[in-house]
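Student: Below: one structure in structure tokens.
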Amino acid sequence: MNQNNYVVIGGSKGIGLGLTERLLAGGGNVTVVSRSAPQIPSHPNLQHLAADVTKDTIDAADLPDTIDGLAYCPGSINLGPLRGLKAEAMTSDYQLNVVGAVKCLQASLAAMKAAGNSAMVTFSTVAVRQGLPMHSSVAAAKGAVEGLTRSLAAELAPKIRVNCVAPSLTDTPLAERLLASDQKRAAMAERHPLKRIGTVDDIAAISEFLLTDASGWITGQIIGVDGGMSSVRA
Ligand SMILES: NC(=O)c1ccc[n+]([C@@H]2O[C@H](COP(=O)([O-])OP(=O)(O)OC[C@H]3O[C@@H](n4cnc5c(N)ncnc54)[C@H](OP(=O)(O)O)[C@@H]3O)[C@@H](O)[C@H]2O)c1
């Protein structure tokens with residue numbers, strides 16, 4: 001059991017909630033930052049800080065004095081054809097996926113440095129390595145997340161490791177619309193070499209690994225957790 005302090009931005013739902021539950025089960029203290037509180041039973045090691053990362057300033061004073069791991073989970077899946085692409089929508093994807101991550105890291109940085117060794121995990125998408133129609137806006141924003149990850153990994157080494165998880169379609173509230181019927185689920189599963197869509201635990205497990213000392217010699221990596229989608233033709 002570890003006594004580490006973790007901050008999970010977007011830990012109230014989906015992958016971030018799965019990660020929060022895993023970190024709590026491992027004995028960590030977890031501060032979740034999100035607009036709504038996690039819908040799980042209260043836990044002595046769980047704190048919730050209500051904030052909208054696109055509007056609010058995260059105050060370092062509201063975060064733990066030392067932070068051993070930071071996950072930035074908010075993201076978008078706004079899909080659509082080129083002809084309908086609006087600058088405002090692209091800008092808001094960039095704000096949520098990229099600028100929000102930078103703001104949260106800036107607020108956490110002193111506490112991450114104070115921890116001695118710390119780690120950050122960001123989230124991209126399979127749609128950066130594998131070109132997919134209708135994904136221009138999210139692929140562009142997540143491509144920026146991947147560049148940001150490598151740049152930060154270089155800048156913050158050796159004390160802070162920064163890695164990125166790039167999932168394919170995963171069963172979370174964000175993906176609800178794409179998985180709204182059994183037919184859609186079956187069609188989406190079929191597109192993956194491993195013939196299923198991702199579960200929260202598929203992604204939360206590797207995210208937890210990347211935040212802990214078990215991954216102590218890994219930084220600057222973009223790790224596809226995507227049922228083989230980005231690299232295998234079955
Ligand atoms: N699910 C997929 O199929 C999939 C595929 C590829 C990549 N990803 C990426 O994986 C990451 C996690 O995705 P997910 O599916 O777990 O997403 P999700 O189900 O939408 O959960 C996102 C979390 O972020 C929080 N959040 C969203 N906007 C926020 C804001 N403005 N301020 C503060 N918190 C905010 C949400 O909480 P509140 O609503 O309470 O604020 C929630 O806790 C994202 O970056 C996503 O792009 C997901």
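Student: Just to be sure, is R196 closer than 30 Å to Q39 by Cα and outside any helix (DSSP H, G or I)?
Tutor: For R196, the condition - closer than 30 Å to Q39 by Cα and outside any helix (DSSP H, G or I) - is met.
Student: Further, regarding this structure: Only one of these is part of a helix (DSSP H, G or I) and buried (at least 17 other Cβ atoms within 10 Å of the Cβ): A119, A127. Name it.
Tutor: Of the residues listed, the single one that is part of a helix (DSSP H, G or I) and buried (at least 17 other Cβ atoms within 10 Å of the Cβ) is A127.
Student: Let me ask something else. Just a yes or no: is a residue in the stretch 146-164 closer than 16 Å to G14 by Cβ and either of a type in the set (V, I, T) or near the ligand (Cβ under 10 Å from one of its atoms) (or both)?
Tutor: The answer is no; no qualifying residue exists.
Student: Considering the stretch 38-76 alone, what residues qualify as being among the aliphatic types (A, V, I, L, M) and within 23 Å of L105 (Cβ to Cβ)?
Tutor: Answer for the stretch 38-76, where residues must be among the aliphatic types (A, V, I, L, M) and within 23 Å of L105 (Cβ to Cβ): L46, L49, A50, A51, V53, I58, A60, A61, L63, I67, L70, A71.
Student: Same structure, new question: Those residues that are among the hydroxyl-bearing types (S, T, Y) and surrounded by fewer than 24 Cβ atoms within 10 Å (Cβ to Cβ), I need them from the stretch 94-116; list them, please.
Tutor: Listed by number, the list holds a single entry, Y94.
Student: Now for a separate question. Going by the structure shown, is L79 within 12 Å of the ligand (Cβ to nearest atom), under 22 Å from V200 (Cβ atoms) and modelled with pLDDT of 95 or more?
Tutor: When the stated conditions are applied, L79 passes them.
Student: How many residues are within 16 Å of the ligand (Cβ to nearest atom) and surrounded by fewer than 17 Cβ atoms within 10 Å (Cβ to Cβ) when one looks only at the stretch 50-63?
Tutor: Summing the residues that are within 16 Å of the ligand (Cβ to nearest atom) and surrounded by fewer than 17 Cβ atoms within 10 Å (Cβ to Cβ) in the stretch 50-63 gives 8.
Student: Let me ask something else. Confirm whether T66 is touching a residue at least 12 places away in the same chain (Cβ under 8 Å) and within 11 Å of the ligand (Cβ to nearest atom).
Tutor: no
Student: Turning to a different aspect of this structure: Within the stretch 191-198, can one find any residue that is within 14 Å of the ligand (Cβ to nearest atom), under 23 Å from G116 (Cβ atoms) and in contact with a helix residue (DSSP H, G or I) (Cβ under 7 Å, 6 or more places away or on another chain)?
Tutor: Checked the stretch 191-198: no residue is within 14 Å of the ligand (Cβ to nearest atom), under 23 Å from G116 (Cβ atoms) and in contact with a helix residue (DSSP H, G or I) (Cβ under 7 Å, 6 or more places away or on another chain).
Student: Filter the stretch 210-234 for residues that are part of a helix (DSSP H, G or I) and surrounded by fewer than 18 Cβ atoms within 10 Å (Cβ to Cβ) and give the result.
Tutor: D213, A214
Student: Scanning the stretch 182-209 for residues that are of a type in the set (A, V, I, L, M, F, W, C) and without any contact (Cβ under 8 Å) to a residue 12 or more places away in the chain, which turns out surrounded by the most Cβ atoms within 10 Å (Cβ to Cβ)?
Tutor: Per the criteria, the residue is F209.
Student: Between a residue in the stretch 102-120 that is under 17 Å from G10 (Cα atoms) and any residue that is among the charged types (D, E, K, R) and outside any helix (DSSP H, G or I), which pairs come within a Cβ distance under 6 Å, given they are 6 or more apart or on different chains?
Tutor: A119/R161
Student: Then there's this: Going residue by residue through the stretch 32-47, is there one that turns out to be farther than 22 Å from K113 by Cα, within 14 Å of the ligand (Cβ to nearest atom), out of contact with any helix residue (DSSP H, G or I) (no Cβ under 8 Å at 6 or more places or on another chain) and among the charged types (D, E, K, R)?
Tutor: yes
The values are calculated or read from the model by the stated rules, or taken from the named source; none is laboratory data. These figures come from a predicted structure and were not determined experimentally. So basically every Cβ, Gly included, is an ideal-geometry build from the backbone, and we count neighbours across all protein chains shown.
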